[in-house]
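See structure below.
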Amino acid sequence: MIACERASDKGQLAAIYSAADLFLNTTREDNYPTVNLEAEACGTPVWTYDTGGCGETIGLERRSRLLTGCSGSSSKGGSDA
């Protein structure tokens, strides 16, 4: 796992997403996580919890997955616990 600092421009950000084998978004609450869309637009699969708006952002890339087990709000209503 590699953590990256803030990208200086869109080209650098796209290069980081494209070089990754997987984008793991461990958010527990996010209304509409655009990072999921950005990663998938670069061909990088996203694994994230089905919370907030994450379920609405996954689907462009077949290898992407919604994970369960996060205790927090869910786009389906209720808890993922």
**Asked** Taking D30 and the conditions (1) surrounded by 14 or more Cβ atoms within 10 Å (Cβ to Cβ); (2) not in a loop (DSSP other than H, G, I, E, B), which numbered condition does it fall short on, given that it satisfies the others?
**Response** (2)
**Message:** Return the pair list, or none, for Cβ contacts closer than 8 Å from residues in the stretch 52-81 that are closer than 21 Å to T34 by Cβ and at pLDDT below 55 to residues that are part of a loop (DSSP other than H, G, I, E, B) and among the polar types (S, T, N, Q), at least 6 apart or on different chains.
**Reply:** G72/T51; S73/T51; S74/T51; S75/T51
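Return yes when T44 is touching a residue at least 12 places away in the same chain (Cβ under 8 Å), outside any strand (DSSP E or B) and closer than 24 Å to G11 by Cα and no when it is not.
Answer is yes for this residue.
If I go through the stretch 39-70 residue by residue, how many of them are closer than 12 Å to E29 by Cα and touching a Cys at 6+ places or on another chain (Cβ under 8 Å)?
4
The values are calculated or read from the model by the stated rules, or taken from the named source; none is laboratory data. Not measured: the values here are computed from a predicted model. Cβ atoms come from the backbone with ideal geometry, glycine included; neighbour counts cover every protein chain shown.
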